[in-house]
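Report on the structure given below.
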Amino acid sequence: MQSLLTSSLSPISDVPLFGFGGWMEAASKIDVYALGVIIAFAAIVFLLRLAIPKIGAIAWVTAKETLQQPLFLILMLVGLFGLFIFPFLPYHTMGEDVKIVISQGLTVVKLACVFLAIWTASTSIADEIEGKTALTILAKPVGRHSFVFGKYLGVMIAVTALFLILGVFFLNTVAYKLVYDAHESAKDVPTALECFAYVKGVVPGLCLAFFETVILTAISIAISTRLMLLPNLTICLTIYVLGHIVPMVVVSNAVETAPIIGFFANLVCAFLPILDHFNMETAIAMNRAVSWNYVGLAGVYSLLFACVAMALSIILFTDRDLA
């Protein structure tokens with residue numbers, strides 16, 4: 001009787017519950033690297049407060065206020081819930097479901113961080129200008145450029161915190177999806193090394209999504225020096241859509257068939273950021289890895305455009321009558 005019971009249970013015990021096993025090893029490895037990134041981020045924030053006390057103090061207060069907002073908690077919970085259910089949804093893509101999970105996950109992480117950045121930039125600068133709080137702060141020995149730059153760093157600290165939370169969870173769900181699909185299709189379960197190697201290929205996509213957030217945050221800060229929340233959201237959303245669509249129009253046949261469309265498309269590309277550079281969906285669909293050289297160039301592009309947007313925001317805020 002005992003031998004019969006053992007033989008009946010052995011096939012079940014050989015199969016890890018919900019794909020645990022190799023996935024757990026890969027997840028622990030991902031979390032170790034993520035912990036290192038979080039520690040480095042905390043160290044940078046600490047050094048920022050020591051190196052530039054005035055700007056660091058404004059940045060810290062702005063970040064703390066953002067982290068305490070209900071919006072931060074809502075976006076985090078909604079993002080975690082979406083990332084959690086994506087691996088279990090049927091996509092009917094003939095074994096390529098993980099690509100859809102990656103594409104959707106990157107979009108959720110990026111949109112949550114972008115929305116938090118735009119909302120916080122509008123409330124932390126525009127509302128303080130309207131409520132005369134900015135005038136009180138600037139009455140102290142704090143320059144206008146320090147105020148704007150501190151607000152930008154504060155928003156980016158809060159956005160980076162949300163990005164790290166969602167990003168780490170997203171990488172774990174990608175590793176789990178590989179094991180889950182293998183069990184569902186009765187294929188060989190990938191090892192921890194295979195899961196970790198696949199997840200490493202997704203990290204450049206997260207970096208590109210973060211660089212896009214850096215640009216849109218700087219643009220939102222510049223707009224918030226003159227406009228309130230609703231116009232800021234509208235303009236940033238328009239820039240987001242144009243930044244992804246217009247580059248495709250430039251390389252399409254529409255430029256040759258309709259020169260006026262090509263003229264306006266090139267004009268938009270000359271003044272607005274080309275956000276399609278930070279899009280990883282095409283590379284995912286074609287099984288092409290994104291090189292770190294490309295990620296580095298994209299980072300330089302985002303830094304330069306953010307510097308231009310911040311210079312514009314300082315100019316706009318300098319001429320703003322706060323009284």
What is the number of the single condition among (1) surrounded by 15 or more Cβ atoms within 10 Å (Cβ to Cβ); (2) within 22 Å of the chain's Cα centre (by Cα) that Y180 does not meet?
-> (2)
The correct count of residues that are of a type outside the set (G, A, S) and more than 30 Å from G154 (Cβ to Cβ) in region 181-221 is 15
Do we have any residue at all in region 103-122 that's over 19 Å from S220 (Cβ atoms), without any contact (Cβ under 8 Å) to a residue 12 or more places away in the chain and small (G, A, S)?
-> no
Selected residue (criterion: nearest to P204 (Cα to Cα)) from residues of region 309-323 that are without any contact (Cβ under 8 Å) to a residue 24 or more places away in the chain and part of a helix (DSSP H, G or I) = A311
Which one of F115, F84, F163, F170 is touching a Phe, Trp or Tyr at 6+ places or on another chain (Cβ under 7 Å) and modelled with pLDDT of 90 or more?
-> F163
Does at least one position in region 65-88 carry a residue that is open to solvent by 40 Å² or more (accessible area, probe 1.4 Å), charged (D, E, K, R) and either within 27 Å of K177 (Cα to Cα) or out of contact with any helix residue (DSSP H, G or I) (no Cβ under 8 Å at 6 or more places or on another chain) (or both)?
-> no
How do the pairs read when you match residues in region 60-86 that are over 14 Å from V159 (Cβ atoms) with residues anywhere that are not in a helix (DSSP H, G or I), using Cβ under 7 Å and keeping only pairs 6 or more apart or on different chains?
-> none
Of the conditions (1) open to solvent by less than 70 Å² (accessible area, probe 1.4 Å); (2) modelled with pLDDT under 90; (3) over 20 Å from the mean Cα position of the chain (by Cα), A311 fails just one. Which one is it?
-> (2)
For T191, work out the one condition from (1) touching an Asp or Glu at 6+ places or on another chain (Cβ under 9 Å); (2) open to solvent by less than 10 Å² (accessible area, probe 1.4 Å); (3) β-branched (V, I, T) it doesn't fulfil.
-> (2)
Would you mind stating whether G21 is open to solvent by less than 70 Å² (accessible area, probe 1.4 Å), at pLDDT below 90 and within 30 Å of V189 (Cβ to Cβ)?
-> yes
May I ask you to verify whether I137 is at pLDDT 90 or above and either assigned to a helix (DSSP H, G or I) or among the basic types (K, R) (or both)?
-> no
Name the pairs: first residue in region 178-190 and more than 18 Å from I85 (Cβ to Cβ) and without any contact (Cβ under 8 Å) to a residue 40 or more places away in the chain, second residue open to solvent by less than 60 Å² (accessible area, probe 1.4 Å) and assigned to a helix (DSSP H, G or I), Cβ to Cβ under 8 Å, at least 6 apart or on different chains?
-> K187/D181; D188/A182
Name, by its number, the condition in (1) open to solvent by 30 Å² or more (accessible area, probe 1.4 Å); (2) at pLDDT below 85; (3) assigned to a helix (DSSP H, G or I) that does not hold for G262.
-> (1)
Which residue out of V32, V108, V78, V101 is at pLDDT 85 or above, more than 18 Å from the chain's Cα centre (by Cα) and not hydroxyl-bearing (S, T, Y)?
-> V32
Looking only at region 147-156, decide whether some residue is more than 24 Å from the chain's Cα centre (by Cα), within 30 Å of E65 (Cα to Cα) and in contact (Cβ under 8 Å) with a residue 12 or more places away in the chain.
-> yes
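The values are calculated or read from the model by the stated rules, or taken from the named source; none is laboratory data. Not measured: the values here are computed from a predicted model. So basically every Cβ, Gly included, is an ideal-geometry build from the backbone, and we count neighbours across all protein chains shown. Ligands, DNA and RNA are excluded from the accessible area calculation, which covers all protein heavy atoms including side chains. Shrake-Rupley method; radii C 1.70, N 1.55, O 1.52, S 1.80 Å.
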